[in-house]
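The values are calculated or read from the model by the stated rules, or taken from the named source; none is laboratory data. Please read all numbers here as calculations on a predicted model, not as lab measurements. A quick note on method: Cβ atoms are made from the backbone with ideal geometry, for glycine too, and the neighbour counts reach across all protein chains shown. Heads up: the accessible areas ignore ligands, DNA and RNA and are worked out on the full protein's heavy atoms, side chains in. Shrake-Rupley method; radii C 1.70, N 1.55, O 1.52, S 1.80 Å.
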Amino acid sequence: MNTTYPYVLQPLPYSYDALSPVLGEDTLHFHHDKHMKAYVDNLNKALEPFDQFHNMPLASLLTKLDELPLSAQTAVRNNGGGVFNHELYFSTLNSPNAGTKPSVALQAAIDRDFGSIHQMFSELRKAALGQFGSGWAYVVTDKAGILSICATPNQDVPDLCKWIPLITVDVWEHAYYLDYQNRRPDYFDAFITLINWEVVSSSYKNRNVLR
Ligand code: MN
């Protein structure tokens, strides 16, 4: 992940048809090449006049929005959050046939904190479907490794001082409309087959060194 200004749209870590049939090629082209690119471009535009913030990592910018000039706060919140959320989203997915599994440590934490992976998904589903309008639902960990579920509106991110997001579901309609139209529940149920458990397990293991 490139973490400071100027931000660059990273290519997807898989081909545009890799997530098919859960998410089709057209969705990935629009979502990554158009929507995510716009967040990257608009974040750079918002930060361009403010040299003093050019070396600050994105996660720090998002936790210190009130230190930014007032005129840049909303644009950085929306577009910086957009970059952060989409980097997490795209980097934690893989083909529905990839067959990755949670590490032993992550599976143990899931069982301890939710009872089962089924129960974790049921809580994540409730958060994703319950998010009114556009937003995100997450599985997050704290630095001690305790897992929780949360949701944010718009392109907001969870409190990054406290939480390291491991998995996120984009519930903006642009993430699923071409494949599922208005059927957010169907999108969610298919989406969870795309989770790249190798990447998620590695983020969980490295939660204290990621930032
Ligand atoms: Mn999106």
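Annotations for the structure displayed:
- Number of residues in the range 42-59 that are in a helix (DSSP H, G or I) and either touching a Lys or Arg at 6+ places or on another chain (Cβ under 7 Å) or surrounded by 15 or more Cβ atoms within 10 Å (Cβ to Cβ) (or both) equals 8.
- Single residue of the range 63-73 satisfying the filter (of a type outside the set (Ser, Thr, Tyr) and either open to solvent by 20 Å² or more (accessible area, probe 1.4 Å) or not in a helix (DSSP H, G or I) (or both)) that is nearest to residue 39 (Cα to Cα): 73
- Selection count where residues are more than 13 Å from the ligand (Cβ to nearest atom) and open to solvent by less than 60 Å² (accessible area, probe 1.4 Å), scope the range 158-205: 24
- For the range 90-116, a tally of residues being open to solvent by 40 Å² or more (accessible area, probe 1.4 Å) and in a strand (DSSP E or B) returns 0.
- Hits in the range 1-38 (condition: part of a helix (DSSP H, G or I), in contact with a helix residue (DSSP H, G or I) (Cβ under 8 Å, 6 or more places away or on another chain) and open to solvent by less than 30 Å² (accessible area, probe 1.4 Å)): 27, 31, 32, 36
- Qualifying positions in the range 141-155 - open to solvent by less than 30 Å² (accessible area, probe 1.4 Å) and either within 16 Å of the ligand (Cβ to nearest atom) or in contact with a His (Cβ under 9 Å, 6 or more places away or on another chain) (or both): 152, 155
- Taken together, the criteria exclude residue 76 from residues that are within 16 Å of the ligand (Cβ to nearest atom), of a type in the set (A, V, I, L, M), open to solvent by less than 40 Å² (accessible area, probe 1.4 Å) and in a helix (DSSP H, G or I).
- Which numbered condition residue 138 fails, given (1) open to solvent by 30 Å² or more (accessible area, probe 1.4 Å); (2) aromatic (Phe, Trp, Tyr); (3) closer than 19 Å to residue 39 by Cβ: (1)
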